[in-house]
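Nothing in this text is a laboratory measurement; each read-out follows from the coordinates by a stated rule. Note that the coordinates shown come from a computational prediction; the quantities given were computed from them, not determined experimentally. All Cβ positions, glycine included, derive from the backbone under ideal geometry; neighbour counts span all protein chains shown.
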Amino acid sequence: MDSIPNVQWFPGHMAKTRRLMKEQLPLVDAVVELVDARVSVSSRNPELDDLVGMKPRIVLLNKCDLADENATARRLRALTQEGAFSLAVDCRSGKGLAGFQPLVKRVLREYITRNEEKGMAGKPLRLMVVGIPNTGKSSFINRMAGKNRAKVADRPGVTRHNNWFNIGQGIELLDTPGVLWPKFEDPIVGLRLAFIGSIKDEILDITEIAAAFLSVVKTEYAGRLTERYRITDFSDCEAWEVLEQIARKRGMLISGGEADLERASVMLLDEYRAGKLGRISLD
């Protein structure tokens, strides 16, 4: 990578969310953690292990339709080897979600059996939905509930309150706001989260983020750049030079004929997040 911008973000409402999650955990039987399949390692909050404790956890690799299929398969195998329960899903289309409720019943089989032995058959299974901003928690709940009841937006920081949703088959979901952790020990993690939009663009130097993104993609997915932007022979170029080529190809110029790098940066990241560059995984 040509350079590694320093990315940090921990607004006050996220500290409040951590406290609320801790208070609500005794009310739930398990936790559903949504991660972004494109950055399936970097989008896992390391604080969750301490917050969740021994509660059973299901990891959903969301937006799998935007991720490299081979990378997703490797990650699912790794999670299985770690003893985790996981599914690759796309909450917008519903892909993979048919397996969610059966997986919940399997994960909580012993709990269900204990309830039946106590004469409490049919007691609702309550799960907390957690994850960093913009991983698709609200889209997941909307899809499972069969109606658009949770707020959805293609930007971080939309859900700010805890809400319960009945999704049928005796399962209830508790929606929680997305929460990051106070400090990214590895600067690459912060960058990857900036790439997918989990950190608000408004607080970032967007051209630095776009250049850092290009320094990765031009090495690992060069063909996607050629296909999308019709640029070639850039393997020896600096990321800024590639960004300039993209700007010129799209006619993004400012006075004097200079490339409008800021406008090109916004376009590039928007197109990546929307899947217009193809299936790209960065972890």
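Express as a percent, rounded to the nearest 5, the fraction of DSSP beta bridges in the chain (both residues included) that run antiparallel. Walk me through the numbers on the way to the answer.
Details: 7 of 26 bridges.
Beta bridges within the chain, antiparallel portion: roughly 25 percent.
Please give me, ordered by residue number, the GluC sites (Glu not before Pro) of segment 216-279 that lie in loop per DSSP and have at most 16 other Cβ atoms within 10 Å.
Hits after loop and neighbour filter: 238, 258.
Among 28, 134, 176, whose Cα lies farthest out toward the positive end of the dipole of the chain, if unit charges sit on the beta carbon of Lys, Arg (+1) and Asp, Glu (-1)?
The one lying farthest along the dipole's positive direction is 28.
Residue 163 to residue 113: extension gain in nm, 0.36 nm per residue of separation minus the Cα-Cα distance? Before the final figure, lay out the partial values.
On the way: separation 50, 0.36 × 50 = 18.00 nm, distance 2.73 nm.
Result for the pair: 15.3 nm of gain on full extension.
For the pairs 55/118; 63/249; 55/105; 95/123; 95/137; 16/105, note any where the Cα-Cα span goes beyond 26 Å. Could you put the intermediate results ahead of the total?
On the way: 55/118 21 Å; 63/249 29 Å; 55/105 15 Å; 95/123 28 Å; 95/137 15 Å; 16/105 31 Å.
Result: 63/249; 95/123; 16/105 exceed 26 Å.
Give the calculated FRET efficiency between residue 185 and residue 232 to the nearest 0.05, with a Förster radius of 30 Å applied to their Cβ-Cβ distance.
Values: r = 38 Å, r/R0 = 1.26.
Calculated transfer efficiency: 0.20.
Under the 0.36 nm per residue contour assumption, what length would be gained going from the current alpha-carbon distance of residue 54 and residue 105 to full extension?
Values: separation 51, 0.36 × 51 = 18.36 nm, distance 1.75 nm.
Between residue 54 and residue 105, full extension yields 16.6 nm more.
Sketch the reach of a paramagnetic label on residue 220 as a point 7 Å from Cα along Cα-to-Cβ, and name the residues of segment 66-103 whose backbone nitrogen lies under 15 Å away.
Residues 66-76 qualify, since their backbone N sits under 15 Å from the label point.
Taking the Cα centre of segment 205-273 as origin and charging only Cβ (+1 Lys, Arg; -1 Asp, Glu), how large is the dipole, in debye to the nearest 20? Before the final figure, lay out each step's value.
Working: 9 positive and 14 negative charges, 76 e Å.
The dipole magnitude comes to about 360 debye.
On a 0 to 90° scale, report how tilted helix 239-249 is relative to the longest principal axis of the chain, with both axes built from alpha carbons and the result rounded to the nearest 10.
80 degrees
Provide 108, 103 in ascending order of the number of other Cβ atoms located within 10 Å of each residue's Cβ, fewest first.
Sorted ascending by nearby Cβ count, the order is 103, 108.
Using the Karplus equation 6.51 cos²θ - 1.76 cosθ + 1.60 (θ = phi - 60°), what ³J(HN,Hα) coupling, rounded to whole Hz, does each residue of segment 206-213 give in order, writing x for Gly and Pro?
4, 6, 5, 5, 5, 5, 5, 4
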